[in-house]
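Below is one structure; the comments refer to it alone.
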Amino acid sequence: MSDLAALTAAVESGDHTGAAQATRAALDAGVDPKAVLDAMIGAMDVVGRKFQAGECFVPEMMVSARAMKAGTEIIEPILAESGVKPEYRAIVGTVEGDLHDIGKNLVGMMWKGGGLEVIDLGVNVPAARFVDAAREHDAHLVGVSALLTTTMPNMRAVVEAVRAADLSAKVAVGGAPVTPELAVQIDADGYADDAGAAVDLARDLLPR
Ligand code: B1M
């Protein structure tokens, strides 16, 4: 079995030790860190489809998420190695009511890799906390993630709170159920489909 296949299998089965070992083995073998990340994202997709089909349940999703984290913790410093002092600051968080953090963590990781300083507020973040943090850190960008159709509308409150506070920070949104149309409807400054696209979006939104 190739290292990437072993990694996929480890994330799917929730084997965090195996995921860490396979990640290290793939990197040692010279596999591109982005390909390693993509293998884990693909595995989480499989877990999500199984959950939807009633073939696995919340505990299985949790152990898979833990296995993916074991892999991403190894990749993060490599992706973040830019050696350049960050010119811009970004706040990231998962919207209020939502506990999913893997996608948000990846966006934060990729933004760091793209040269931004990133302040991660975690999950279940109320709109007022995004605003307080953006003000406190004089942030240029606020990134909001949502994974549930039920919490996605809470992103509107973040956009509104940022505008009401008269902050100049741009607001970027994303997450599996979020669409470019929704981003326009809630007056966000931009939408990105995945963590790679979030880097391009940040470059578009921030002045050079
Ligand atoms: Co949850 N869950 N979950 N879950 N979970 C989903 C999202 C779901 C689609 C599964 C399914 O039914 N197929 C479904 C939502 C259905 C819906 O709303 N329509 C669901 C559900 C229902 C639930 C619960 C309600 C289940 C329950 O309790 N009955 C519950 C809700 C808890 C809550 O939040 N209040 C719940 C709980 C959980 C766990 C805690 C067990 C666990 C999360 C653990 C964790 O995050 N630490 C979990 C997991 C793991 C998933 C799935 C399987 C995987 C999510 C994930 O991490 N994907 C998920 C199914 C799926 O998405 N396939 C599912 C990998 C990650 C890399 O992708 O987060 O989409 P994603 O991020 C992507 C892009 O979306 C984008 O970039 C990333 C990729 O590069 N992106 C951004 C994300 N944020 C961005 C921000 C940006 C730009 C891009 O700009 C700022």
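The values are calculated or read from the model by the stated rules, or taken from the named source; none is laboratory data. Keep in mind that this is a model prediction, so the values were computed, not measured. With ideal geometry, Cβ positions are generated from the backbone for all residues, glycine too; neighbour counts draw on all protein chains shown.
Some observations on this one:
- Yes/no for residue 165 being within 26 Å of residue 86 (Cα to Cα) and either within 13 Å of the ligand (Cβ to nearest atom) or crowded, with 18+ Cβ neighbours inside 10 Å (or both): no
- When residue 99 is tested against (1) in contact (Cβ under 8 Å) with a residue 24 or more places away in the chain; (2) more than 10 Å from the ligand (Cβ to nearest atom), exactly one condition is not met: (2).
- Residue 189 modelled with pLDDT under 95, surrounded by fewer than 23 Cβ atoms within 10 Å (Cβ to Cβ) and within 11 Å of the ligand (Cβ to nearest atom): no
- Residue tally, condition exposed (fewer than 15 other Cβ atoms within 10 Å of the Cβ) and within 13 Å of the ligand (Cβ to nearest atom), over region 127-152: 2
- Any hit, region 75-88, residues being near the ligand (Cβ under 9 Å from one of its atoms) and either closer than 20 Å to residue 183 by Cβ or touching a Lys or Arg at 6+ places or on another chain (Cβ under 9 Å) (or both): no
- Taking (1) modelled with pLDDT under 95; (2) buried (at least 18 other Cβ atoms within 10 Å of the Cβ); (3) of a type in the set (Asp, Glu) in turn, residue 120 satisfies each apart from (1).
- So residue 106, is it near the ligand (Cβ under 8 Å from one of its atoms) and in a loop (DSSP other than H, G, I, E, B): no
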